[in-house]
Amino acid sequence: MLDLLARLGHNGLKKLEAFGSAGIILMQSLIARPQPATMLPLVIKQIHFVGVLSLIIIVVSGLFIGMVLGLQGYTILVDYGSEQAVGQMVALSLVRELAPVVTALLFAGRAGSALTAEIGLMKATEQLSSLEMIGVDPLRRIVAPRLWAGFICLPVLATIFSLVGIFGGALVGIEWLGIYEGSFWSNMQNSVDFSEDILNGLIKAVVFGFVVTWIAVFQGYDCVPTSEGISDATTKTVVYASLSVLALDFVLTALMFGDL
Amino acid sequence: MRIRVLEIGVGAFLLMGLVALLMLAVNVSGLNFESKGTYRVYARFENIGGLTERSKVTMSGVLIGQVTDIRLDSDALQALVEMEISKDVDFLSIDSSVSILTAGLLGEKYIGVVAGAEEEFLQDGDFFEDTQSALVLEDLIGKFLFNEVSE
Amino acid sequence: MDSFDDVIIDIKQLSFSRGERAIYDNVDIQVPRGKITAIMGPSGTGKTTLLRLIGGQLMPENGSILVDGKDIPRLNRRELFKMRSRMGMLFQSGALFTDISVYENVAFPMRVHTDLSEEMIRDVVLMKLHAVGLRGARDLMPSELSGGMARRVALARAIALDPEIVMYDEPFAGQDPIAMGVLVNLIRRLNRALGHTSIIVSHDIQETLAIADYIYLISDAEVVARGTPEEINNATSMKVRQFIQGLPDGPVPFHFPAGDYQSELLQDS
């Protein structure tokens, strides 16, 4: 029993320590003298890697989720004779919740795990040490551009996700199920508020982008540099990032829409 | 050359994000960029019922503005409602009346404006003098019951 | 104990441990300027750790590491990074940056530390690549190189800034005999030609004995022998003899510490 307690405390302390070093890594890589000349090409490269290459998966999943929402919303709302509210339902659920959350989850699986593996492999092949010995801080050279790219990409991806999803919903609702087009769009426009809904959704996406990239980069940087360690770190990235996104989503929703 | 392709790709990606945001703003939230600004007017109500910030302000059913602030006026002990009215609607006479209405039976509360007859118009910072509070269902039922009993 | 006229790295009373295990216990090492010094010892004695300590990537628990009179563990970040620009290190795996070409790898330290024009950088990169015989491979990516070639490119990168100290971490490990010969030659030639101080960490006895001017033999967290290659070759200590001649058993035991063999076999699990 005492042993169990001791192990619990030990694990707790280790988690706390990891959290602390993650914070230090974050601070050191972001609070650096900005050097736009060297930084910009690196950030662009990373945006290409985590953003542009994630575009297809985002567009496809956005389209399908929007279509499913349209279909489900219609079958429920048609019973109450208010099927023209499908547009409003699709748009609100996408913009407020599904776009930031699903994008963040896909991002964690697609780009986050790749980031972890890449940085972990750099550590295993001594590239990080080698940077240090050349006199370059790997936090600034490797970690910082990836963090910035994650920051920038997730809101962009979430916005595209929303838009594609809404058009997917419109396609199903208007073209296939025959909801009157005018009321579909006007209902949507009446209920969706730019700052209340769209901007809040964007803020969520920024926060998620930050958290997911932070976890991914930290897991890569902190991993045991063996093949087992890297695979372990990649799994952890996806699990921790997904859990953090879902938990944070609740907190943010409560803050933004919950009148707390 | 490979770098160029990469940069163009990233540029197009960011541009797509911006365009998507713009389309969301215009098509989905109906954000109107053409609005030529707003002016503020105020009204005091005995009871605002369920009126909230960002509630609509309409005239003859046409949207002309929104509620921007609600607070308690400590001197008059009444609710003070601040509204932003679109600059296009600059013909609200000073004796216009405002009332808090309900959309449908149980729908959201909004403010309805009925124009008056004066030649002088409301300016930024002016007050609606003629206000009608929200109908509160409980009061209504209470009054009805009281009348029944007293008869 | 010898002492050198001109010591560039002076390590005094160094202690370092990993977990419970002591890697170094009160160790003194002097490295003479302009010479090739080898640190030898069985695997797992923390030879690479020593290079990391000199490079300031690890902090010792005790003792000082003076490089040209400056104590590495007491330098602040900026001073440390400045000091590192005077060192070159060849990592065991080469540690080339896999996302940029051979040319860019060699140019990297110059782009970071100097404001040289693109033409100057080009000239220096080609010179360094020529020195390691890989001028023709400049447009390849690191993944297209063989192990020996990768290590030579890494060497070109390590000497790109003409450092005062070049550290080699197991330069011969896992190389075929030809690549090994090339590297031995290269290290010796570069050391003579550029006049830098070389530190080689290795357990490849013949190659190391062939090029080193001075050798430290490390075992069990201590320096067990030091001297010129002849002195080491002629040492009488059993530990040294075992290592030099590659005997399977001796003072360095074949068996990892364990309980009594028979009683463990007979034991019910």
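In debye, nearest 20, what is the charge dipole magnitude of the protein assembly as shown about its Cα centre with +1 on Lys and Arg Cβ and -1 on Asp and Glu Cβ, if you could check? So the dipole magnitude of the protein assembly as shown works out to roughly 3520 debye.
Look at the dipole of segment A:38-257 built from charges on Cβ: of A:THR75, A:VAL238, A:PHE167, the Cα furthest out on the positive end belongs to A:VAL238. This model, with +1 at the C-beta of Lys and Arg and -1 at the C-beta of Asp and Glu, gives segment C:28-181 a dipole about its Cα centre of some 280 debye. Rolling a 1.4 Å probe over the protein chains gives A:THR234 an accessible area of about 30 Å². Among the protein heavy atoms of segment B:38-142, carbon and sulfur supply 51% of the accessible surface, probe 1.4 Å, non-protein parts ignored. In straight-distance terms, cross-link reach from C:LYS239 covers every one of the aspartates and glutamates whose alpha-carbon lies under 15 Å from its own, apart from those fewer than eight places away in the same chain; here that gives C:ASP220, C:GLU222, C:GLU231, C:ASP249. The modelled label-to-label distance between B:ALA117 and B:SER74, using points 7 Å beyond Cα along the C-beta direction, is 4.1 nm. Taking every protein chain into account, the accessible area of segment A:38-257 amounts to 38 square angstrom per residue (probe 1.4 Å). Hey, which of these cross-link pairs are over 23 Å Cα-Cα: C:LYS12/C:LYS128; B:LYS56/B:LYS143; B:LYS109/B:LYS143? Those over the limit are C:LYS12/C:LYS128; B:LYS56/B:LYS143. For A:CYS223, the solvent-accessible surface with a 1.4 Å probe is about 10 Å², rounded to the nearest 10. Chains A and C together bury some 1800 Å² of accessible area, summed over both sides, with a 1.4 Å probe. Largest GNM mean-square fluctuation across A:VAL78, A:VAL172, A:VAL238, computed for chain A with C-alpha springs under 10 Å, falls on A:VAL78.
At a probe radius of 1.4 angstrom, the accessible area of segment B:1-147 per residue rounds to 63 square angstrom.
Long hydrophobic helices in chain A, taken as whole DSSP H segments with a C-alpha length of 27 Å or more on their own axis and mean Kyte-Doolittle hydropathy at least -0.5: A:2-30, A:55-77, A:144-170, A:200-222, A:227-257. Among B:PHE45, B:PHE128, B:PHE13, the largest mean-square fluctuation in a Gaussian network model of chain B, built with springs joining Cα atoms closer than 10 Å, belongs to B:PHE13. Residues of segment A:170-218 buried by at least 10 Å² of accessible area upon assembly of all protein chains, compared with the chain on its own (1.4 Å probe): A:TRP185, A:MET188, A:GLN189, A:ASN190, A:VAL192, A:ASP193, A:PHE194, A:GLU196, A:ILE198, A:LEU202. Each residue of segment C:62-74 was assigned a 3J(HN,Hα) from its phi angle through the Karplus expression (A = 6.51, B = -1.76, C = 1.60, θ = phi - 60°), giving 8, x, 10, 10, 8, 10, 6, x, 9, 7, 4, x, 9 Hz with x at Gly and Pro. Largest GNM mean-square fluctuation among C:ALA173, C:ALA193, C:ALA225, using chain C with Cα springs under 10 Å: C:ALA193. What are the DSSP H helices in chain C that stretch 24 Å or more along their long axis, judged by alpha-carbon atoms, and whose average Kyte-Doolittle hydropathy comes to at least -1.0? Within chain C the helices that satisfy the rule are C:177-194. Among A:LYS14, C:LYS239, C:LYS12, A:LYS204, the sequence by solvent-accessible area, most first, with a 1.4 Å probe is A:LYS14, C:LYS12, C:LYS239, A:LYS204. Chain B packed on chain A takes about 2100 Å² of accessible surface away from a 1.4 Å probe, both sides summed. Amide H to amide H distances under 5 Å link C:VAL224 with C:LEU217, C:ILE218, C:SER219, where only residues 5 or more positions off or on other chains count and H is placed in the peptide plane.
Taking label points 7 Å from Cα along the Cα-to-Cβ direction, A:VAL78 and C:ARG21 give a separation of 7.0 nm.
Measure off, as a whole percent, the carbon and sulfur share of the 1.4 Å-probe accessible area of segment A:38-257, all protein chains present.
Ligands and nucleic acids excluded, carbon and sulfur reach 69 percent.
The values are calculated or read from the model by the stated rules, or taken from the named source; none is laboratory data. These figures come from a predicted structure and were not determined experimentally. In this analysis, Cβ positions are derived from the backbone assuming ideal geometry, glycine residues included, and neighbour counts consider all displayed protein chains. Ligands, DNA and RNA are stripped out before the accessible areas are found, and what is left, the full protein with its side chains, is counted by its heavy atoms. Shrake-Rupley method; radii C 1.70, N 1.55, O 1.52, S 1.80 Å.
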